[in-house]
Amino acid sequence: MELDALMLSRIQFGLTAAFHYLYPPLSIGLGVVLVLLEGLWLRTGNPVWHDAARYWTKVFALTFAIGVATGLVMEFEFGTNWAAYSRFVGDVFGSALAAEGVFAFFLESGFLAVLLFGWDRVPRWLHYLSTCMVCGGAHFSAVWIVVANSWMHTPAGYHVVQGPNGMRAEITDFWAMVFNPSSMERLSHVIGGAWIAGAAVVLSVSAWWLLRRRHEAVAKASLSVALAVALVACTWQAVTGHWSAEGVAKNQPAKFAAMEGHFKTGPADLVVLGHPDAASQTTSAVIAIPGGASWLLTGDAKASVPGLDAYKPEDRPPVAPVFWSYRLMLGTALLMMAVVFVAAIQWTRGALWTSRFTLGLLVPAVLLPQIANQAGWFAAEVGRQPWIVQDLMRTKDAVSRTVSASEVWISLGMFTVIYIALFILFIYLLNEKVQHGPDQGDSAHGPLLRLGRAGA
């Protein structure tokens, strides 16, 4: 593999995008947990819910701050490393990013100060409204980012015109661009993954507290709400995952063929584990269900599915990375679902609080949604190659012409060092908050809080 300016720019953008994507799903999922926790406090008056909501607000603030800082870098990279791409899709991509700024980021950041500093300073209804608006803003941000990204996979609502600096895509129908063929199915799957990621952090920390018999009232309250969110999200992911796979098979059949290691057009097996070999155009399956993929797509195990042989070699995505990242996503997602369902069953029986085994599973399970989210995005983006915009612009034609490999090496090295430092800082600050735990009795209702915890 030649590490020229194109490949280095791809590695750099992949690094920055992957690192940034650690945090927005946490913000989205934690936002939902905050809305539920504070809503329960307002409804019941039980101060334990208040302590839990106040604590997780601090964790939300930390993830939001790191997420914003790391996300800004990618916008600059569009101009520095991907100038040809920016000129071609600026009208389309810029519209979605502008909508994200107006409808999402301003909404989220505008109410953030009230959420963080408005406890006991503004009316309860206003603070709860701020919590809901921040949560909604985080979701709206995902909407527009996924819309922009989905347009690259399934472009719609545009035409290509000759501009002063070459051909460029212009929007002809804004709503057709927004509701392009893959946007809603991909958005639903992304939101579900974000809910699981945020809930997993709460589950992990709460289980860790319970194993050490610390902050038990807040831990039980937090874990109960997060478990409900995770249970709903896991069920939702099973549905949207199938919907998304059907959409890929319909709109990007070459990507689907790579995901399944399906080289020859015809009935497609459901390969659980195997080894795709692009050289021999075969997949040596260890575990496979004959015709399984065809049946899931059409209800007919003998239905023909386009294989990679239906496309020119230069139009085929790299098979092995897509194949294995897709299975990594599925494997970690299924494992997370199993942990959540086991915990939910024990919770309904009242046995979760004393099951050290299940609580011990929940602590490291925080890593599973992150791995699944990263692997899913990797499969989606690499599976689109060699196109940066499907069937419109190749990735090799999108890179800036004036950027040299040495310049990208320097910026890549700097970003790597900075991101490692930011990640260490995030883990350090998060650990400090976990070790410290919730500030009990620090609100205007101190005696009531102590009484509530004593009776919990």
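The values are calculated or read from the model by the stated rules, or taken from the named source; none is laboratory data. Predicted, not measured: the structure shown is a model, and the values here were computed from it. We place every Cβ from the backbone using ideal geometry, glycine too, and count neighbours over all the protein chains shown.
Values as computed for the structure displayed
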| read-out | value |
| --- | --- |
| Single condition residue 161 does not satisfy, out of (1) among the aliphatic types (A, V, I, L, M); (2) farther than 23 Å from residue 65 by Cα; (3) surrounded by 14 or more Cβ atoms within 10 Å (Cβ to Cβ) | (3) |
| Test: residue 334 is free of Cβ contacts under 8 Å to residues at least 12 places away in the same chain and assigned to a helix (DSSP H, G or I) | yes |
| Lone unmet requirement of (1) in contact with a helix residue (DSSP H, G or I) (Cβ under 6 Å, 6 or more places away or on another chain); (2) surrounded by fewer than 21 Cβ atoms within 10 Å (Cβ to Cβ) for residue 147 | (2) |
| Positions within the range 33-45 being crowded, with 17+ Cβ neighbours inside 10 Å and either modelled with pLDDT under 90 or among the acidic types (Asp, Glu) (or both), in sequence order | 38 |
| All helices (runs of 4 or more DSSP H) inside the range 351-456 with 2 or more residues being modelled with pLDDT under 90 and either within 30 Å of residue 155 (Cα to Cα) or of a type in the set (Gly, Ala, Ser) (or both) | 405-436, 446-455 |
| Residue that is part of a helix (DSSP H, G or I), in contact (Cβ under 8 Å) with a residue 40 or more places away in the chain and in contact with a strand residue (DSSP E or B) (Cβ under 8 Å, 6 or more places away or on another chain), where the choices are 32, 48, 92, 59 | 92 |
| Any chance residue 69 is aliphatic (A, V, I, L, M), crowded, with 18+ Cβ neighbours inside 10 Å and in contact (Cβ under 8 Å) with a residue 40 or more places away in the chain | no |
| Residue match in the range 123-140 (condition: part of a helix (DSSP H, G or I), under 24 Å from the mean Cα position of the chain (by Cα) and of a type in the set (D, E, K, R)) | no |
| Selection status of residue 55, in the same structural domain as residue 149 (by TED's automatic domain parsing), among the hydroxyl-bearing types (Ser, Thr, Tyr) and modelled with pLDDT of 90 or more | yes |
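Residue-wise test of (1) farther than 21 Å from residue 277 by Cβ; (2) touching a Gly at 6+ places or on another chain (Cβ under 6 Å); (3) surrounded by fewer than 20 Cβ atoms within 10 Å (Cβ to Cβ).
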| residue | (1), (2), (3) |
| --- | --- |
| 292 | no, no, yes |
| 307 | no, no, no |
| 317 | no, yes, no |
| 322 | no, yes, no |
| 327 | no, no, yes |
| 336 | yes, no, no |
| 363 | yes, no, yes |
| 366 | yes, no, no |
| 372 | yes, no, no |
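Here is a yes/no grid of residues against (1) in the same structural domain as residue 54 (by TED's automatic domain parsing); (2) surrounded by 16 or more Cβ atoms within 10 Å (Cβ to Cβ); (3) under 30 Å from residue 202 (Cβ atoms); (4) not charged (D, E, K, R):
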site	(1), (2), (3), (4)
393	no, yes, no, yes
401	no, no, no, no
410	no, no, no, yes
413	no, no, no, yes
423	yes, no, yes, yes
427	yes, no, yes, yes
432	yes, no, yes, no
438	yes, yes, yes, yes
